[in-house]
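First up is the structure itself, then whatever we jot down about it.
The values are calculated or read from the model by the stated rules, or taken from the named source; none is laboratory data. The shown structure was predicted, so the numbers you read here are calculated from the model rather than taken from an experiment. Please note: Cβ atoms are built from the backbone with ideal geometry, for glycine as well, and neighbour counts cover all protein chains shown.
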Amino acid sequence: MYTTLISAAQLRSLLNSGAPCMVFDCSCDLMQPALGRGQYREAHVPGAVYADLDTALSAKGDRAVTLAQSGGRHPLPSRANFAAWLGSVGFDNTMQAVVYDRQGVNYCGRLWWMLKWAGHENVAVLDGGLQAWQAAGGRVVAGDEAPQPIAKFALAPERCALVAIETVASQVGRVTQTLIDARGAPRFRGEVEPIDPVAGHIPGALNRPFTSNLGADGTFKPAAVLRTEFLELLGQRDPSTVVHHCGSGVSAVPNLLAMEIAGLGRTALFAGSWSEWCSDPSRPVAQG
């Protein structure tokens, strides 16, 4: 069972073994939503299912939003709706899930976290993404895959912590909560804001851009290096108090995953993130 990362070589062995497994391609572009599916159709791991951020991994539409489990630009769907989608693409509880993208884990971490949230522990991120798979000689195919037979995915107790905005707001400035913002430094400081209506960050938050977790080859840094970097960032703060966020709860997950790889535990996610926080002008905003 792979629960954090899986290498290209390990994935090849897993697929060759015939063990129950499903691979998900989560490629995406926030500014051009149709681009991700186009990239999938150009080249993907054979048999991979496309997981669309907007339609599969977020609650969109009036009814879906009513049932959403978070706010922000990419509100989480209800666990029941997510389980129904998993079953619709043929995924069941016996399977190992492997998720990847070609954008430096920017998007596939969302599905990794959501499967944990649905109670499914055996899900792993393909370390280095599609680029690492191809560099290792992995075969890719084009076009769409034939639909898989519909399955049943049964929800189990949540294996990760989702923090609501009310909790985040009530704990701002307290030692019981350490916020880590995964957005780029210019956005965190409020110098630019290309997506959300307000620039800046939640007061007291620390900044660690999610790209800081990867080495030059696009794979995660060694666990010891990640541990050193996070502990330096945290200072005297307890790692167990960390709540991760970003713009809309997507690119925060690589930080959460990196802390787990580093042996610092599975920390919490504020999925609504900055886009939910800044939607209410009464909430405080920090810059710099």
note = A careful count of residues in the stretch 115-135 that are of a type in the set (A, V, I, L, M), farther than 17 Å from Asp52 by Cα and outside any helix (DSSP H, G or I) gives 4
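Can we say Ala97 is touching a strand residue (DSSP E or B) at 6+ places or on another chain (Cβ under 8 Å), in the same structural domain as Asp25 (by TED's automatic domain parsing) and within 21 Å of Phe82 (Cα to Cα)?
yes
Tally time: how many residues in the stretch 31-50 are more than 13 Å from Leu126 (Cβ to Cβ) and in contact with a Phe, Trp or Tyr (Cβ under 9 Å, 6 or more places away or on another chain)?
Total meeting the criteria: 6.
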remark   = Being outside the structural domain of Asp52 (by TED's automatic domain parsing) and assigned to a loop (DSSP other than H, G, I, E, B) narrows Ala258, Ala271 down to just Ala271
message = Among the listed residues Ala124, Ala199, identify the single one that is within 19 Å of Asp25 (Cβ to Cβ) and crowded, with 16+ Cβ neighbours inside 10 Å.
response = Ala124
ask   = What is the residue count in the stretch 159-170 for residues that are in contact with an Asp or Glu (Cβ under 7 Å, 6 or more places away or on another chain) and assigned to a loop (DSSP other than H, G, I, E, B)?
value = 1
query = Among the listed residues Trp117, Trp112, which satisfies the condition of being modelled with pLDDT of 95 or more, assigned by TED's automatic domain parsing to the domain that holds Ala19 and closer than 20 Å to Val168 by Cβ?
reply = Trp117
key: Residue under evaluation Asp217, criteria (1) touching a residue at least 40 places away in the same chain (Cβ under 8 Å); (2) over 21 Å from Arg102 (Cα atoms); (3) surrounded by fewer than 20 Cβ atoms within 10 Å (Cβ to Cβ), criterion not met   = (2)
remark   = Of the listed residues (Pro33, Pro75, Pro46), the one being at pLDDT 90 or above and either closer than 20 Å to Cys246 by Cα or not assigned by TED's automatic domain parsing to the domain that holds Asn122 (or both) is Pro75
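Among the candidates Arg227, Arg187, Arg237, single out the residue that is among the basic types (Lys, Arg), at negative phi and not in a helix (DSSP H, G or I). Working first, answer last.
Values: Arg227 fails: not in a helix (DSSP H, G or I); Arg187 fails: not in a helix (DSSP H, G or I).
Only one candidate qualifies: Arg237.
Taking the condition of being closer than 30 Å to Ile195 by Cβ and touching a helix residue (DSSP H, G or I) at 6+ places or on another chain (Cβ under 9 Å), how many residues in the stretch 1-31 meet it? Lay out the reasoning, then the answer.
From the stretch 1-31, those closer than 30 Å to Ile195 by Cβ are 4-5, 23-31; that's our starting set.
Right, trim to touching a helix residue (DSSP H, G or I) at 6+ places or on another chain (Cβ under 9 Å) and you get 4-5, 23-29.
So the count comes out to 9.
Listed residues Gly173, Gly138, Gly143; which is surrounded by 16 or more Cβ atoms within 10 Å (Cβ to Cβ) and either of a type in the set (Ser, Thr, Tyr) or in a loop (DSSP other than H, G, I, E, B) (or both)?
Gly138
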key: Residues satisfying the stated conditions in the stretch 240-255, i.e. within 19 Å of Leu76 (Cα to Cα) and part of a helix (DSSP H, G or I)   = Val253, Pro254, Asn255
ask   = Given the residues Asp54, Asp92, Asp29, Asp101, which is the only one that is buried (at least 23 other Cβ atoms within 10 Å of the Cβ), acidic (Asp, Glu) and either under 27 Å from Ser275 (Cα atoms) or in contact (Cβ under 8 Å) with a residue 60 or more places away in the chain (or both)?
value = Asp101
task = For the stretch 89-114, name all the residues that are out of contact with any Phe, Trp or Tyr (no Cβ under 9 Å at 6 or more places or on another chain) and either β-branched (Val, Ile, Thr) or part of a helix (DSSP H, G or I) (or both).
result = Thr94, Arg110, Trp112, Trp113
